[in-house]
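Colleague: Sending over a structure as structure tokens; questions will come in a sec.
The values are calculated or read from the model by the stated rules, or taken from the named source; none is laboratory data. Note that the structure is a prediction, hence the values are computed from the model and not measured. Cβ placement follows ideal geometry from the backbone for every residue including glycine, while neighbour counts extend to all protein chains displayed. Just the protein is used for accessible areas: all its heavy atoms, side chains included, with ligands, DNA and RNA removed. Shrake-Rupley method; radii C 1.70, N 1.55, O 1.52, S 1.80 Å.
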Amino acid sequence: AKYTIVDMETCIACGACGITAPTVFDSDENGLSFVTLDNNQGTAELPEELFYDVEDACFGCPTESIKIADEPFNGNPAKAG
Ligand code: SF4
């Protein structure tokens with residue numbers, strides 16, 4: 001299984017991930033992205049059909065704020081990935 005989370009401390013609100021993977025990433029009132037599936041806790045197993053978009057978003061993030069790992073993040077972007 002794969003999990004994703006946005007490090008909102010380093011996100012610069014560029015909006016790219018929300019265009020690449022709009023089902024997974026949305027932006028808050030400050031434009032900072034978060035994972036819609038689990039309120040950015042990194043605990044929701046990514047549906048397989050969304051994984052490639054998330055991978056693209058991860059590669060496309062200018063600040064490497066999108067983390068992907070095999071284990072749940074439990075709210076902590078630094079935990080893995
Ligand atoms: Fe933030 Fe990266 Fe998404 Fe841009 S691509 S909004 S920097 S997480």
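Colleague: Please go through (1) of a type in the set (A, V, I, L, M); (2) more than 12 Å from the ligand (Cβ to nearest atom); (3) under 9 Å from the mean Cα position of the chain (by Cα) for residue 37 and return the number of the only condition it doesn't satisfy.
Modeller: (3)
Colleague: Additional query: Out of 40, 74, report the one residue that is on the phi > 0 side of the Ramachandran plot and open to solvent by 70 Å² or more (accessible area, probe 1.4 Å).
Modeller: Result: 74 is the single residue among 40, 74 that is on the phi > 0 side of the Ramachandran plot and open to solvent by 70 Å² or more (accessible area, probe 1.4 Å).
Colleague: For residues that are of a type in the set (Gly, Ala, Ser) and buried (at least 17 other Cβ atoms within 10 Å of the Cβ), scanning just region 43-71, find the one that is farthest from residue 6 (Cα to Cα).
Modeller: Of region 43-71, the ones of a type in the set (Gly, Ala, Ser) are 44, 57, 60, 65, 69.
Now drop any that are not buried (at least 17 other Cβ atoms within 10 Å of the Cβ), which leaves 44, 57, 65.
Numbers: 44: 13, 57: 11, 65: 6 Å.
Top of the filtered list is 44.
Colleague: I'd like the full set of residues that are without any contact (Cβ under 8 Å) to a residue 12 or more places away in the chain and part of a helix (DSSP H, G or I), limited to region 46-68.
Modeller: Looking only at region 46-68, we keep the residues that are without any contact (Cβ under 8 Å) to a residue 12 or more places away in the chain, and these are 47-49, 52, 59.
Of everything in region 46-68, those that are without any contact (Cβ under 8 Å) to a residue 12 or more places away in the chain and part of a helix (DSSP H, G or I) turn out to be 48, 49, 52, 59.
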